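The values are calculated or read from the model by the stated rules, or taken from the named source; none is laboratory data. Every value quoted in this text rests on a predicted model; they were computed, and no experiment measured them. A quick note on method: Cβ atoms are made from the backbone with ideal geometry, for glycine too, and the neighbour counts reach across all protein chains shown.
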Amino acid sequence: MSELDLGQKVRARELLWRMGFSTRIDVDLRAADLPYVASGRSNGPEPFTDVDVLGVAVTPSGHVQIAIVDCKTGGSSTISRMFWVRGLVELFGADSAFMVRERAISADAQQLAGKLGIKALTEADVAGLNKRLQTNIPVEAPLLRQLFDKDEVGKVKIVGSQLGKKLRPLMIYRQFDYWVYPEHRQLIALVDALHEAKDELQSGNSVHMGLFLDCVWLYLLSLARCVGALRSSPHVLDLNMALSEYLAGGSLQLVQKHEMAELLRALQEEKQVPGSVSVNVNPRFFEPLLELVMRLQRRGSTINDALRLLEFQSASILTKTRQFAQDAFGDAYDPTAAKLAVDVVEFLVAAAHLPQGFVNVARTVLSSPPTAE
């Protein structure tokens, strides 16, 4: 990744923020590391591609809106790249796509962009839009500016990769597997990934804390998708059943889980299976997860702000600046969104059996700074 590419990416990130999105830079896509195919590989899962900038925003109706941005400073063919971007739109189910190029985009390329539903922009276009689009978020303020400064973003990427071998499985899940696993699995898989790393993660380590808050961002995104799906569930008035069905992957899969559990109990009564063996229809943390989902349903309008708070705090802590959220967001700071983010932190810490220090740090930086007496 060249410095020029990174400059384009952070300017595209600012544009998405001004449009109402929370963002990630450099989302890597590769094949899932499935055990039944691992033996046939020589160098691990095969890379697919990457997304330069990903934007997510939750609409008032609960839909998770996705935007992708492709950035290039070199002389590659803009037209051929547009078909590649269109493939990414299909893969991600994205609602909008942008291409940012260093030089002017030909009329022919613009014509194709219109047919493919891609917004083709030059660097000058992005700079102009960033000046024109107004937002209540103080993106020009010094504290928030680190998200849109290529040097600061470069530091975050370097620091975020400096983890020991024992945390590698969590990093692999966060960087790769999260983006290719079926969405309904994420609410369980991410907890499991954190639980496996519980003996290594330390809240006093800024890299660990920043990594954890980034995982909280991912989990909140998955929660938002879950809440959106539950609103269209045939069991919308029975949230317990709706969530069980969602986590199982559908009504048929839930029935199969119940049948397997009944079969296991019958075998245990006949002493054919040890009593210690169990098949749980729902995860062990189902009840607190259900409570969290209910809370999100009531506060859905604050999810965007909570995602942005987590995005900022993850970067801030990774670079050891650790600023209070209210200082960074000023009048745009929403204490309800901060409380929602802390709720997700508290759930993950309890479900994954992480040290309580993660809650203490998160509550401190996401809440308002203490007032002087």
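Given (1) touching a Pro at 6+ places or on another chain (Cβ under 7 Å); (2) among the small types (Gly, Ala, Ser); (3) in a helix (DSSP H, G or I), where does SER203 come up short, assuming only one miss?
Answer for SER203: the failing condition is (3).
Residue-by-condition table, conditions (1) touching a helix residue (DSSP H, G or I) at 6+ places or on another chain (Cβ under 6 Å); (2) not assigned by TED's automatic domain parsing to the domain that holds ALA362:
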{"position": "ALA189", "(1), (2)": "no, no"}
{"position": "ASN205", "(1), (2)": "no, no"}
{"position": "LEU223", "(1), (2)": "yes, no"}
{"position": "TYR246", "(1), (2)": "yes, yes"}
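Report every pair of residues separated by at least 6 positions or lying on different chains whose Cβ atoms are under 9 Å apart, first residue within region 174-186 and more than 17 Å from ASP214 (Cα to Cα), second assigned to a helix (DSSP H, G or I) and of a type in the set (A, V, I, L, M).
Cβ pairs passing all conditions: TYR181/ALA189; GLU183/ALA229; HIS184/ALA229; HIS184/LEU247; HIS184/ALA248; ARG185/LEU247.
Would you be able to tell me the number of residues in region 290-335 that are more than 20 Å from the chain's Cα centre (by Cα), among the hydroxyl-bearing types (Ser, Thr, Tyr) and surrounded by fewer than 17 Cβ atoms within 10 Å (Cβ to Cβ)?
1
Has region 180-189 got any residue that is over 16 Å from the mean Cα position of the chain (by Cα) and among the small types (Gly, Ala, Ser)?
No, because not a single residue in region 180-189 is over 16 Å from the mean Cα position of the chain (by Cα) and among the small types (Gly, Ala, Ser).
Of the residues MET82, MET99, which single one is of a type outside the set (Phe, Trp, Tyr), assigned to a helix (DSSP H, G or I) and either at pLDDT 90 or above or surrounded by 15 or more Cβ atoms within 10 Å (Cβ to Cβ) (or both)?
MET82
Could you tell me whether any residue of region 146-162 is more than 22 Å from LEU16 (Cα to Cα), among the aliphatic types (A, V, I, L, M) and at pLDDT below 90?
yes
In the list LYS165, LYS115, which residue meets the criterion of being exposed (fewer than 12 other Cβ atoms within 10 Å of the Cβ), modelled with pLDDT of 90 or more, farther than 30 Å from ALA224 by Cα and of a type in the set (Lys, Arg)?
The conditions single out LYS115.
Just for region 49-68: of the residues that are in contact (Cβ under 8 Å) with a residue 60 or more places away in the chain and outside any loop (DSSP other than H, G, I, E, B), which one is nearest to ILE303 (Cα to Cα)?
Looking at the filtered set, the residue picked out is VAL58.
May I ask you to list the residues in region 215-245 that are more than 17 Å from ARG295 (Cα to Cα) and crowded, with 21+ Cβ neighbours inside 10 Å?
CYS215, GLU245, listed by residue number.
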